[in-house]
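Scroll down for the structure; my scribbles are underneath it.
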Amino acid sequence: MAAILVDYENVQGFHGLKGTEYLNENDYLIIFYSVSCSKITKEYIESIKNSGCQFTIYKLKTSRKNALDFYIATEAGRLSALGNGQIALISRDKGFDSISDFFSINDNLKETKLVVCDSIEHGLEKLTDSNDKERRKLIRDKMQTVDIEVEYGKIQESNSTKEKIKQLLEDTEYKPLTDNIIKFFSDNKCESTKKLYTGTLHEFGLKKGVAIYRLLRDVV
């Protein structure tokens, strides 16, 4: 479970809400905003809605210097006092590091893991709840960098294989199954020949499976 406090005025134009797709029903999402930043893209709001998280917004009542920062600091302390042990402040404002510092030196707050990050994605990745290991792994996997030339080669190879399969099925009774067959072999291309064969039988039935496998075995 994570409590995400967003300094929306600070991160609105810098992908601060990136990562809403990782939220779930156990999370709290609180967006702090002002009249100058009251719009949100449908992409993010749909992800928030679909996540089932507990979603709250707080609009700045009176414009003052660092006013939203005080809102956020107060809410972080309140949530910690209520037992929320995983809190992420989403802001590019380095001043929030002072809140993190205070949590780390205060005996009453040390049990709360509080991180300051520039996006929801990074915030969720930095938290430490043992129940969220799979989510962190998913985020880290997607954040990994890869070699562009290697990945380009893989895409080209995949497209070539798809085209070969389409051509082989073109004049056969299995042409209507082309999309399903391509998806199946794409999902199972790393399997051994034996597993690929038995998988084909299971997916398409004995008669069709044998015929499809024999037709495509040299391609895949």
(Q) Explain nothing, just compute: Karplus ³J(HN,Hα) = 6.51 cos²θ - 1.76 cosθ + 1.60, θ = phi - 60°, for every residue of the range 37-48 in order, whole Hz, x for Gly and Pro. (A) 9, 10, 10, 9, 6, 4, 3, 6, 5, 5, 5, 4
Q | Ellipsoid semi-axes in whole angstrom, largest first, where each is sqrt(5λ) of the Cα gyration tensor of the range 3-143 | A | 21, 20, 13
Q) In whole percent, what relative contact order does the range 3-143 give with Cα contacts below 8 Å and a gap of six or more residues? A) 29 percent
Q. With θ set to phi - 60° and the Karplus curve 6.51 cos²θ - 1.76 cosθ + 1.60, what are the ³J(HN,Hα) couplings of the range 119-128 in order, to the nearest whole Hz, using x for Gly and Pro?
A. 8, 4, 4, 5, x, 5, 5, 8, 6, 10
(Q) What does the charge count around K65 come to, taking other residues whose C-beta lies under 15 Å from its C-beta (Lys +1, Arg +1, Asp -1, Glu -1)? (A) -2
Q: Would you work out which of S100, N66, A76 lies farthest towards the positive end of the dipole of the range 3-143? Charges go on Cβ: Lys and Arg +1, Asp and Glu -1.
A: N66
Q.
How are the alpha carbon pair distances in the range 76-194 distributed across 5 Å bins from zero to the largest one, expressed in percent?
A. 2, 9, 12, 13, 11, 9, 7, 7, 7, 8, 7, 5, 3, 1, 0
**Q.** Approximate spin-label separation K142-K61, in nm, with each point projected 7 Å along Cα-to-Cβ
**A.** 3.7 nm
Q. Which value, in debye to the nearest 20, gives the size of the charge dipole of the chain about its Cα centre, when Lys and Arg are +1 and Asp and Glu are -1 at the Cβ?
A. 380 debye
Q) Any idea how far the Cα center of the range 12-35 sits from the one of the range 192-208, in Å? A) 44 Å
Q. For the range 48-118, what does the alpha-carbon gyration tensor say about shape, rounded, prolate or oblate, given a ≥ b ≥ c as the root eigenvalues, a/c under 1.5 as rounded, and a/b over b/c as prolate?
A. oblate
Q: Filter the GluC sites (Glu not before Pro) in the range 1-85 down to the DSSP loop ones having no more than 12 other Cβ atoms within 10 Å, then list what survives.
A: E25
Q: Give me the angle, in degrees from 0 to 90, between the Cα long axis of helix 148-169 and the longest principal axis of the Cα atoms of the chain, rounded to the nearest 10.
A: 40 degrees
Q.
Using the Cα centre of the range 148-216 as origin and beta-carbon charges of +1 (Lys, Arg) and -1 (Asp, Glu), tell me which of L206, I148, C190 is placed farthest towards the positive end of the dipole.
A. L206
Q.
Would you calculate the convex hull of the Cα atoms in the range 148-216 and tell me its volume per residue in Å³?
A. 79 Å³
Q) In nm, to one decimal, how far is the E149 label point from the S192 one, both placed 7 Å along Cα→Cβ? A) 3.5 nm
(Q) For the pair E157/R92, report the inter-label distance in nm, with labels modelled 7 Å from Cα in the Cβ direction. (A) 3.9 nm
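Readers should treat all values here as calculations from the given coordinates under stated rules, not as data from a laboratory. Note that the structure is predicted; figures quoted are calculated from it, not measured. Note: ideal-geometry Cβ built from the backbone for every residue, glycine included; neighbour counts use all protein chains shown.
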